[in-house]
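Everything below concerns the one structure shown next.
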There are 2 protein chains.
Amino acid sequence: MDFASWMSAVQQRTESALERLLPAAAAAPARLHQAMRYAALGGGKRVRPLLCHAAGEIFGADAVRLDRAACAVEMIHVYSLVHDDLPCMDDDVLRRGKPTCHVEYDEATALLAGDALQTQAFQVLAEEPVATDAGRRLAMLALLAHAAGSRGMAGGQAIDLGAVGKTLTLEELEFMHIHKTGALIRAAVLLGAHCGDADVDALERLAHFANRAGLLFQVVDDILDAEASTATLGKTAGKDAAQGKPTYVNLLGNQRAKDQAAELRTDAHAALAGFGERALRLHQLTDFIVERSF
Amino acid sequence: MDFASWMSAVQQRTESALERLLPAAAAAPARLHQAMRYAALGGGKRVRPLLCHAAGEIFGADAVRLDRAACAVEMIHVYSLVHDDLPCMDDDVLRRGKPTCHVEYDEATALLAGDALQTQAFQVLAEEPVATDAGRRLAMLALLAHAAGSRGMAGGQAIDLGAVGKTLTLEELEFMHIHKTGALIRAAVLLGAHCGDADVDALERLAHFANRAGLLFQVVDDILDAEASTATLGKTAGKDAAQGKPTYVNLLGNQRAKDQAAELRTDAHAALAGFGERALRLHQLTDFIVERSF
């Protein structure tokens with residue numbers, strides 16, 4: 001299977017798994033469940049599920065297990081988008097080419113839908129068999145919680161809030177992104193590996209890969225945001241720069257940001273070397289993250 | 001130890017445990033961690049931790065284990081208060097006698113603090129030893145997630161939103177409260193019992209107790225809200241009725257609401273009968289829930 005077909009297959013099975021693991025649209029309270037499904041279904045590149053599946057394939061993990069872990073990570077990601085788009089945060093009206101959740105529904109419903117999507121992520125990991133060993137499943141839950149919480153993604157968003165209008169150093173910008181997007185990308189990779197019963201050594205090497213890939217993803221995102229049009233992105237473009245948020249592009253300039261991306265890609269690939277051919281999809285996915293922009 | 005001393009001891013150890021299980025105020029991002037601590041520490045009746053400890057005592061559960069489970073439930077409760085007080089929800093400025101989190105900090109920080117408190121609750125259950133058996137710990141995580149999510153507390157809040165200005169039947173009002181407050185009260189009781197390795201039969205009897213106690217708590221809350229002053233409550237009084245939210249008092253009248261409370265108390269006590277003296281604290285706590293008002 002070529003990479004594009006593999007990617008499309010994972011995206012499709014992620015959509016089906018989310019359909020199944022989210023509460024039914026008709027179940028009470030229906031409006032809340034519809035808002036959760038509106039935010040989570042029918043869009044998105046599914047970068048985190050792709051990373052989860054690609055990492056799991058190194059260890060021959062069962063695809064159905066990977067779907068569950070991938071959905072848990074994606075639900076955390078989607079909840080963060082729903083809350084991030086609220087008027088008190090980024091106040092955005094467009095996401096994945098559709099009106100944002102609070103525009104389509106209302107602010108209170110969007111707030112609760114984000115809240116309940118976070119809960120559902122933990123419920124999936126706690127209820128669905130994602131690994132044989134219960135101890136490993138607890139470790140997976142702790143890993144996702146750490147990645148999502150105040151010392152991970154939510155913490156990164158708080159740092160981001162405090163950074164608006166400030167000049168950050170490159171170190172400070174990296175610290176923000178390691179939390180804001182890096183933590184969940186790392187969790188996606190490691191949860192996929194756990195689904196395949198990866199050992200400690202393999203998990204460490206993948207954590208190193210994921211740290212590089214996470215920053216790579218953000219650098220490329222900044223380049224995209226600076227260059228692309230709103231129509232291409234499916235979300236409001238150029239917004240970070242306009243809001244005075246620090247980006248790699250306005251800190252380094254476009255060319256040096258691209259050099260940085262190239263270097264991170266090399267590092268990420270190097271971290272995968274020991275896995276040989278089994279890491280093919282993760283290797284290709286790293287390239288895809290870069291090449292979607294230039 | 002008399003009941004008042006027992007209650008005070010549990011409240012104090014809950015405060016200490018929360019101090020320890022919440023991220024340090026100085027840890028980055030400090031403002032977020034301070035907001036989480038501001039919302040969770042130094043106040044509240046700690047009804048859910050009290051229920052958790054009282055249920056655990058039936059089975060001789062270790063008090064340190066109970067602290068952890070109690071804190072997980074309390075973090076979910078506190079996150080829901082922080083989000084519930086936001087301008088897009090109840091828009092409240094006073095909570096536990098202090099300015100609400102978004103008034104003391106700002107809306108975006110309060111949103112993230114609530115988000116991160118929810119995550120922290122699951123992290124505590126996933127990381128801290130709350131039971132010996134890993135399978136039981138997974139069941140405890142699933143139980144808390146179910147109670148907090150769209151088919152539990154968050155779902156109840158959504159039903160509440162949809163009910164403003166409407167006339168509900170008694171059945172509809174009960175359905176709302178079973179979700180909005182009942183689910184988490186039930187989780188507090190059952191998690192406490194799990195800490196003491198309770199068997200299925202005991203868990204079922206306690207679930208029945210908790211269902212009655214949860215409704216009792218809400219009926220009494222409605223009576224309090226209708227009767228008490230803002231100063232006594234430590235939150236804005238008479239607000240539910242003023243907002244056109246359905247309450248037991250405006251549906252049944254004050255006297256019939258009190259009769260209903262008395263009946264629920266009798267049922268709750270009956271469900272505890274089989275546990276004998278070991279259920280003393282849970283029995284007393286049921287009385288306390290009622291007697292704080294009349």
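The values are calculated or read from the model by the stated rules, or taken from the named source; none is laboratory data. As the structure is a computational prediction, the values presented were derived from the model and not from experiment. Ideal geometry is used to build each Cβ from the backbone, glycine not excepted, and the neighbour counts take in all protein chains shown.
Just one of the listed residues (B:81, B:41) is surrounded by 18 or more Cβ atoms within 10 Å (Cβ to Cβ), under 29 Å from residue A:154 (Cα atoms) and touching a residue at least 12 places away in the same chain (Cβ under 8 Å), and it is B:81.
Give the range B:137-163 a look and list any residue that's more than 7 Å from chain A (Cβ to nearest Cβ) and within 12 Å of residue B:178 (Cα to Cα), or say none.
First, pick out the residues of the range B:137-163 that are more than 7 Å from chain A (Cβ to nearest Cβ): B:139-140, B:143-144, B:147, B:152-153, B:156, B:160, B:163.
The answer is B:147, B:152, B:153, B:156, B:160.
You will find that of B:279, B:257, B:268, the residue that is at negative phi, among the small types (Gly, Ala, Ser) and modelled with pLDDT under 95 is B:257 and no other.
Taking the range B:84-107 as the search range and keeping residues that are part of a helix (DSSP H, G or I) and at the interface with chain A (Cβ under 9 Å from one of its Cβ atoms), which one is surrounded by the fewest Cβ atoms within 10 Å (Cβ to Cβ)? Explain how you work it out, then say what you get.
Of the range B:84-107, the ones part of a helix (DSSP H, G or I) are B:84, B:101-104, B:107.
Going one step further and asking which of them are at the interface with chain A (Cβ under 9 Å from one of its Cβ atoms), we end up with B:102, B:107.
Details: B:102: 25, B:107: 17.
In this case the residue turns out to be B:107.
Return a yes/no flag: does the range B:3-19 have any residue that is among the aliphatic types (A, V, I, L, M), closer than 20 Å to residue B:275 by Cβ and touching a residue at least 40 places away in the same chain (Cβ under 8 Å). Yes, because at least one residue in the range B:3-19 is among the aliphatic types (A, V, I, L, M), closer than 20 Å to residue B:275 by Cβ and touching a residue at least 40 places away in the same chain (Cβ under 8 Å). Residue count for the range B:163-174, restricted to those that are assigned to a helix (DSSP H, G or I) and either out of contact with any helix residue (DSSP H, G or I) (no Cβ under 7 Å at 6 or more places or on another chain) or surrounded by fewer than 16 Cβ atoms within 10 Å (Cβ to Cβ) (or both): 3. Which residue, of A:131, A:110, A:121, is more than 8 Å from chain B (Cβ to nearest Cβ) and outside any helix (DSSP H, G or I)? Answer to the check: A:131.
Applying the criterion of being more than 17 Å from the chain's Cα centre (by Cα) and free of Cβ contacts under 8 Å to residues at least 24 places away in the same chain to the residues of the range A:134-157, the residue that is surrounded by the most Cβ atoms within 10 Å (Cβ to Cβ) is A:137. In the range A:160-174, the residues that are under 16 Å from residue B:30 (Cα atoms) reach residues that are part of a helix (DSSP H, G or I) with C-beta atoms within less than 6 angstrom, at least six apart or across chains, in these pairs: A:160/A:176; A:160/A:180; A:161/B:108. Taken over the range B:135-181, the criterion of being in contact with a Phe, Trp or Tyr (Cβ under 8 Å, 6 or more places away or on another chain) and of a type in the set (Gly, Ala, Ser) is satisfied by B:145 alone. Test residue A:49 against the criterion of being in a helix (DSSP H, G or I), within 28 Å of residue A:112 (Cβ to Cβ) and either touching a residue at least 60 places away in the same chain (Cβ under 8 Å) or touching a helix residue (DSSP H, G or I) at 6+ places or on another chain (Cβ under 7 Å) (or both), and give yes or no. Yes: the conditions hold for residue A:49.
Of everything in the range A:22-38 that is in contact (Cβ under 8 Å) with a residue 40 or more places away in the chain and in contact with a Lys or Arg (Cβ under 7 Å, 6 or more places away or on another chain), the residue that is nearest to the other protein chains (Cβ to nearest Cβ) is A:23.
Listed by position, the helices (runs of 4 or more DSSP H) inside the range B:244-294 whose residues that are of a type in the set (D, E, K, R) and in contact (Cβ under 8 Å) with a residue 40 or more places away in the chain number at least 2 are B:254-272.
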